[in-house]
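K.L.:
To start, I am sharing the structure in question, which I have written as structure tokens.
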Amino acid sequence: MVNVLSSDRLISGATRVVGILGDPVAHSRSPAMHNAAFAALGLDWVYVPFPVAATDVSAAVAAVRALGLAGVNVTVPHKQAVLAHCDALTPLARRVGAVNTIVNRGGRLLGDNTDVHGFAQTLRAARLRLRGRHAVVIGAGGAARAVLAALGAAGAARITLANRTAARARALAARRWCAPVRVAALAALADPATLADAALVVNTTSAALDGGDFPAVAYAATPAGCLFVDLLYGHPTAFLAGARRARRRAEDGGAMLLHQGARAFTLWTGRRAPLEVMRGAV
Ligand code: NDP
């Protein structure tokens with residue numbers, strides 16, 4: 001998506017800069033979403049994509065401080081790596097073990113996690129009642145951590161966590177969550193018994209970004225009301241296509257993007273986020 005600053009939104013000497021650190025970042029809709037919000041509120045701010053390789057995470061976070069950026073979002077695959085480079089963490093970011101938003105408070109970088117709120121809003125918008133139910137999470141990276149926290153808060157009774165790298169899933173399951181987390185192999189997703197009572201199946205992997213094959217999933221074994229969510233947005237994915245073929249509700253990560261972004265916007269600017277403007281830009 002091309003973003004054009006209109007002539008009345010030129011960069012000035014006082015423009016505040018925020019952005020997104022990730023690899024890749026070219027697919028991100030966050031620049032469009034935030035720049036539309038700044039324009040709507042007449043704020044002299046700009047949001048810029050910063051492609052950052054894993055070896056440069058430390059230098060990139062130091063640059064936020066050195067260049068006086070007002071803050072940044074952090075995306076795949078750096079949400080856990082940036083943790084060690086923040087000066088302080090909110091209790092939520094510490095509990096989740098992942099940071100997706102850094103706020104620069106006078107040179108002190110505070111790491112926060114607005115993905116938890118973003119995913120909680122996704123569940124709320126879908127009117128999914130999770131209390132006492134089983135949820136299945138695929139993937140064990142930074143985004144999965146936020147999803148696990150939101151599922152616990154929504155009252156899920158148990159969670160199955162399936163990941164390509166079993167050790168990563170085991171390490172994640174061992175953290176303290178509000179619901180018991182059982183680790184399964186990706187191959188277990190093809191077993192109808194794994195999904196037979198699932199109220200929700202969430203794909204948090206970046207497999208579609210990698211161009212990797214998606215594992216087989218017993219979509220039709222889920223209850224008819226089961227909701228499938230893929231955190232990726234703006235891409236048709238094999239996961240959502242499979243769910244739709246089985247006539248299940250299927251949603252991408254657009255709502256999560258919107259709500260995590262709105263909360264980050266407020267943390268940086270102190271202003272209420274113009275949700276409808278941001279939704280339109282996404
Ligand atoms: P991470 O790099 O931290 O984790 C990636 C995960 O994907 C790991 O579990 C990894 O498994 C798994 N994975 C990668 N490639 C494959 C593959 N080919 N087959 C199976 N599993 C694979 O990324 P994040 O958790 O930060 O982000 C994950 C996804 O969620 C991204 O697509 C991102 O865009 C999206 N996202 C969307 C948000 C939104 O607002 N809508 C918010 C946050 C994230 P392994 O451990 O084996 O490497």
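The values are calculated or read from the model by the stated rules, or taken from the named source; none is laboratory data. Please read these numbers as outputs of a predicted model, since none were measured by experiment. Note: ideal-geometry Cβ built from the backbone for every residue, glycine included; neighbour counts use all protein chains shown.
K.L.:
How many residues does the stretch 128-151 hold that are more than 10 Å from the ligand (Cβ to nearest atom), surrounded by fewer than 24 Cβ atoms within 10 Å (Cβ to Cβ) and closer than 25 Å to Phe265 by Cα?
P.N.:
0
K.L.:
Every residue in the stretch 251-278 that is more than 17 Å from Asp115 (Cβ to Cβ) and either in a loop (DSSP other than H, G, I, E, B) or within 13 Å of the ligand (Cβ to nearest atom) (or both), please.
P.N.:
Gly270, Arg271, Arg272, Pro274
K.L.:
Being part of a loop (DSSP other than H, G, I, E, B), assigned by TED's automatic domain parsing to the domain that holds Ala126 and of a type in the set (Val, Ile, Thr) is the requirement here; does Thr205 meet it? Can you show your working first?
P.N.:
Details: part of a loop (DSSP other than H, G, I, E, B): yes; assigned by TED's automatic domain parsing to the domain that holds Ala126: yes; of a type in the set (Val, Ile, Thr): yes.
So Thr205 fits the description; yes.
K.L.:
Oh, and also: Just to be sure before I move on: is His27 in a loop (DSSP other than H, G, I, E, B), closer than 28 Å to Val277 by Cβ and at pLDDT 95 or above in the structure I sent? Break it down into steps so the answer makes sense when it comes.
P.N.:
Details: in a loop (DSSP other than H, G, I, E, B): yes; closer than 28 Å to Val277 by Cβ: yes; at pLDDT 95 or above: no.
The answer is no for His27.
K.L.:
Another one. Of the numbered conditions (1) outside any helix (DSSP H, G or I); (2) farther than 22 Å from Ala146 by Cβ, Ser58 fails exactly one; give the number of that condition.
P.N.:
Exception for Ser58: condition (1).
K.L.:
Moving to a separate point now. I'm trying to understand the selection: among the residues of the stretch 208-250, which are touching a residue at least 40 places away in the same chain (Cβ under 8 Å), within 17 Å of His27 (Cα to Cα) and in a helix (DSSP H, G or I)?
P.N.:
Correct list: Leu209 only.
K.L.:
Next up: So the check is Cβ under 9 Å with 6+ separation or different chains; which pairs have a first residue in the stretch 138-150 that's under 15 Å from Arg168 (Cβ atoms) and among the basic types (Lys, Arg) and a second one that's part of a loop (DSSP other than H, G, I, E, B) and more than 6 Å from the ligand (Cβ to nearest atom)?
P.N.:
Once the first residue is under 15 Å from Arg168 (Cβ atoms) and among the basic types (Lys, Arg) and sits in the stretch 138-150, its partners that are part of a loop (DSSP other than H, G, I, E, B) and more than 6 Å from the ligand (Cβ to nearest atom) give Arg145/Gln80; Arg145/Gly97; Arg145/Ala98; Arg145/Asn113; Arg145/Arg175.
K.L.:
Still on this structure, please answer the following. Given the conditions (1) more than 20 Å from Phe239 (Cβ to Cβ); (2) surrounded by fewer than 16 Cβ atoms within 10 Å (Cβ to Cβ), report the number of the one that Trp177 does not fulfil.
P.N.:
(2)
K.L.:
Here is a further query. Say whether the condition of being farther than 14 Å from Val137 by Cβ, outside the structural domain of Val76 (by TED's automatic domain parsing) and touching a Ser or Thr at 6+ places or on another chain (Cβ under 8 Å) is met by at least one residue in the stretch 179-199.
P.N.:
yes
K.L.:
Additional query: Out of all the residues in the stretch 140-158, is one or more among the β-branched types (Val, Ile, Thr) and over 20 Å from the mean Cα position of the chain (by Cα)?
P.N.:
The answer is no; no qualifying residue exists.
K.L.:
I'd like the full set of residues that are part of a helix (DSSP H, G or I), crowded, with 19+ Cβ neighbours inside 10 Å and more than 14 Å from the ligand (Cβ to nearest atom), limited to the stretch 73-92.
P.N.:
His85
K.L.:
Evaluate the stretch 233-247: report whether one residue or more is assigned by TED's automatic domain parsing to the domain that holds Arg124, buried (at least 23 other Cβ atoms within 10 Å of the Cβ) and either under 22 Å from Tyr47 (Cα atoms) or more than 14 Å from the ligand (Cβ to nearest atom) (or both).
P.N.:
So far as the stretch 233-247 goes, yes, one or more of its residues are assigned by TED's automatic domain parsing to the domain that holds Arg124, buried (at least 23 other Cβ atoms within 10 Å of the Cβ) and either under 22 Å from Tyr47 (Cα atoms) or more than 14 Å from the ligand (Cβ to nearest atom) (or both).
K.L.:
Another question, if that's okay. Can you report the number of residues in the stretch 18-38 which are surrounded by fewer than 18 Cβ atoms within 10 Å (Cβ to Cβ), of a type outside the set (D, E, K, R) and in contact (Cβ under 8 Å) with a residue 40 or more places away in the chain?
P.N.:
The total comes to 3.
K.L.:
Looking for whichever is within 16 Å of the ligand (Cβ to nearest atom), buried (at least 19 other Cβ atoms within 10 Å of the Cβ), over 17 Å from Leu200 (Cβ atoms) and of a type in the set (Ser, Thr, Tyr) here; the options are Thr114, Thr160, Thr122, Thr165. Which one fits?
P.N.:
Thr114
So that you can scan it fast, the table gives a plain yes or no per residue for (1) free of Cβ contacts under 8 Å to residues at least 60 places away in the same chain; (2) of a type outside the set (D, E, K, R):
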residue: Ala59; (1), (2): yes, yes
residue: Leu67; (1), (2): yes, yes
residue: Gln80; (1), (2): no, yes
residue: Leu83; (1), (2): yes, yes
residue: Asp87; (1), (2): yes, no
residue: Gly97; (1), (2): no, yes
residue: Arg105; (1), (2): yes, no
